[in-house]
Amino acid sequence: MTTILGIWAHPDDEAFVAGGFLADAVRRGDRVVCMHMTSGEGGLLDRQPCPPETLARVRQHELQDSLTHLGVEEQRFLGYPDGYLDYVPGDDVVARIYDELIEVQPDVVLSFGNDGFTGHPDHRTLSASVTTALEVWNQPEARLCHAIVSSEWKERFVPPLNEFDVFWPGYPTVCTSPDATLHLDVELLDAKVEALRAHTSQMKPFFDAYGDDFMRAMASTEHFRLPDRVGLGSRANEGMASATDLEPDQSRDALIRGSR
Ligand SMILES: [Zn+2]
């Protein structure tokens, strides 16, 4: 059985950037584990300020509800402060992720690309820490998979999303050659949209402003890249060529197994 470990900064990252990938993996019988560095207590509740301890509880509950829609049953929080991940000693974050790698023994680690998808400093810090932890773990068979933004997706969805300041200035960084693009079928798309909706404190403004059709369109494709791994060269992700035009099953195999 393939074990997939998604490593995220905040509740809702998992659904927003890779909900389809995760739901697809569950449907295929993979073991899927999601790990969140923070409880997202530094954000807003429906665009309004909220005491951090209250928001943490709200978002933890929302996450459990959301993961139910994706079928993900294993989740853990690492308890770092939301918004301040880059102030935590890097070795500490890397060591905690390393410990989780040892425990979970993932075949595939899924996280943000170097740009953090939205450019959020927590996301960027986490991406770098995940890469370092994998280098330390040094399991050549383990794959690292980055969720990334395509130019088409950026053009269509970033401007409206940025009405709510989703992306940091200068982000996202567009990837012109994703290794795989997942086109969600109706079942996966339904699951992902409901998973997004379950993050009510964060997502309600988007559903209210743009409606379900926009949210479904935004959620319907996911792009991934298999980065070269420092220290391991490209050995861990060898055999990858551009796979953007593959069918969903082939894309998934390309990501998980390196076959085409
Ligand atoms: Zn986030």
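Only the coordinates and a few stated rules stand behind these numbers; no lab work does. Keep in mind it's a predicted model, so treat the numbers as computed, not measured. When we count neighbours, we look across all protein chains shown, and the Cβ atoms used for this are built from the backbone with ideal geometry, even at glycine.
Structural remarks
- Helical mean residue ellipticity (222 nm; -39500 (n - 2.57) per DSSP H run of 4+; nearest 500) of the chain: -15000 deg cm²/dmol
- Its convex hull of Cα atoms gives the chain a direction-averaged projected area, equal to a quarter of the hull surface, of 12.3 nm².
- Stretching the chain fully between Ser177 and Glu152 yields a gain of 7.8 nm (0.36 nm per residue, less the alpha carbon separation).
- Once the chain from Asp253 to Leu78 is taken as fully extended at 0.36 nm per residue, the excess over their C-alpha distance is 60.0 nm.
- For the peptides 11-21, 174-184, the ranking by packing is 11-21, 174-184, with the highest mean count of neighbouring Cβ atoms within 10 Å listed first.
- Count Lys and Arg as plus one, Asp and Glu as minus one, and take only other residues whose Cβ is under 13 Å from that of Leu78; the net charge is then -4.
- Taking 0.36 nm per residue of separation and subtracting the Cα-Cα distance, full extension of the segment from Tyr87 to Leu45 would add 12.7 nm.
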